[in-house]
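Report on the structure given below.
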């Protein structure tokens, strides 16, 4: 199978996208159509996230084959979805502090918001309270979720307000995306926003995808996996499951966050599922939703993005009537912990879009909007975890390689949203207590708990102080269990030793000085993909 992909990739490297240099300097759209397309984008997000919501992570490393039940009445569930409320917080930041607000202000607004967060977002939230600000807050040194899906699911508003302006998309994404992501995690957000920017003026979904790829580095893994989907679609034009199997075989195991499990919240694999839905859906809203959902993993986010692309392409007025009715029924309802409703989001996005159009050399009148053409320009390549591969886990229970000094106790906990204890850890709250581990590899992640009674500890690597860690966390009634406390990669191959030393200290708001640990994840360095290729889209 891989040889077939290689052959196809070689062929694909000669794909040529025609850009007629004699085309007019401006793209022209009337105000009513622009606003309808923006409304279609927001509506698509709301429809898609509720369509796939009940299936989220129900299929990991396999396709989802159970019945999918959805009706327009379900759209009201979008009012408490992180796919929507996080980016609305960013809109609120723009409203309050202006377009030139620094990234730190955006980080502060969503760090202090009253809703729960996960993965790259929650790490960026904790980083804010640990005084780690953008772009470091999304950097893989401080955020092991750097390649996760977070920015990909919340960059939509950027694309919605940048019709036909891919350079403006990249400029905004560069600032906002580095709050929580880096590398492929950043490129996921850029790619999705660029899909929307293209969809305002292109009805051929193949061209939308190919042009959006020009906004991310061609040598990135994110671009490579999207290229694979395009190739596989040509190879299996009527069998998306056959394409899915080959994609899974090559890329399914590449997720640092879900290392050692079938769970995959990596931006690029889930981004590939967006494209699967778009290509095999062939413009049909329900088929697009179904396929992007049945691909599995983060299967509420992926149909949400795919459906939003169709929403922009078609406009709200051209979506199925019952979808329109479902959106209109909650048009003035407020998304949790924001000041925004659907109708307000559409109006605000439209207003910002007009401003960006004029700033970028366009012209706006009551009857016509002229958008100056922009050629896509990608950012320089960033790679979060080069050639990093998971090796094995070392639990704090039953592993002789761990050495404990002092009074360490065992605790079973009930994670947020669960009913029964499913997480077990050891903890100490006593100054000077130590936990030491010697391992063989080029990287390690120390896992433990963030809690409202968390305290601080020193972390030593090979005898040298590396960092001080703080395990306190209690925001929006959330604590986090078996989460990354500290990590380091890029070590020389061989044996290494880490030692955690409890300080017995805490920040003022913490209820205690406990430091909890659960296990260590060990990594090595090796080439991850046997197929290496380059592709280019000529203008």
Take the alpha-carbon centre of the stretch 303-373, take the same for the stretch 226-258, and report the distance between them in whole Å. 31 Å
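Given 0.36 nm per residue, what is the gain on full extension from residue 174 to residue 104 after removing their alpha carbon distance, in nm?
Extending this stretch completely gives an extra 23.9 nm.
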Classified through the alpha carbon gyration tensor (a ≥ b ≥ c as square roots of its eigenvalues; rounded if a/c is under 1.5, else prolate when a/b is larger than b/c, else oblate), the stretch 111-159 comes out oblate
What order do you get for 472, 128 when you list them from fewest to most C-beta neighbours inside 10 Å? 128, 472
Model label zone, residue 322; criterion: amide N under 17 Å from point 7 Å along Cα-to-beta-carbon; scope the stretch 57-82: 67-77
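Under 8 Å for C-alpha pairs, at least 6 residues apart: give me the relative contact order for the stretch 389-525, rounded to a whole percent.
Working: 378 pairs, mean separation 51.0, N = 137.
Contact order relative to length: 37 percent.
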Assign one of three labels to the stretch 389-525, namely rounded, prolate or oblate, based on the Cα gyration tensor with a ≥ b ≥ c the square roots of its eigenvalues; rounded applies when a/c is under 1.5, prolate when it is not and a/b is larger than b/c, and oblate otherwise. prolate
For the stretch 389-525, what is the percent of antiparallel DSSP beta bridges, rounded to the nearest 5? 95 percent
Rounded to 10°, Cα long-axis angle of helix 184-199 versus longest principal axis of the chain: 10 degrees
Need one number: % antiparallel among DSSP beta bridges in the chain, to the nearest 5. 95 percent
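Gain in length, residue 207 to residue 334, computed as 0.36 nm per residue apart minus the alpha-carbon separation, to one decimal in nm?
Details: separation 127, 0.36 × 127 = 45.72 nm, distance 3.53 nm.
The residue 207-residue 334 span can extend by a further 42.2 nm.
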Mind ordering 295-305, 429-439 by average Cβ neighbours within 10 Å, highest first? 295-305, 429-439
Cα-projected label distance for residue 368 with residue 507, points at 7 Å along beta-carbon direction, nm: 5.5 nm
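Could you work out the relative contact order of the chain? I mean the mean sequence separation of Cα pairs under 8 Å and 6+ apart, divided by the number of residues, in percent.
Reported relative contact order: 20 percent.
For every helix of n ≥ 4 consecutive DSSP H residues, a contribution of -39,500 (n - 2.57) applies; sum these over the chain, divide by its total residues, and give [θ] at 222 nm rounded to the nearest 500 deg cm²/dmol. Mind dumping the intermediate values first?
Numbers: 16 runs with 203 residues, N = 539.
After summing the helix terms and dividing by residue count, I get -12000 deg cm²/dmol.
Computed from the coordinates by the stated procedures, all read-outs in this text should not be read as laboratory data. Since this is a predicted model, take the numbers as computed values, not measurements. As a convention, Cβ positions derive from the backbone with ideal geometry for all residues, glycine included, and neighbour counts pool all protein chains shown.
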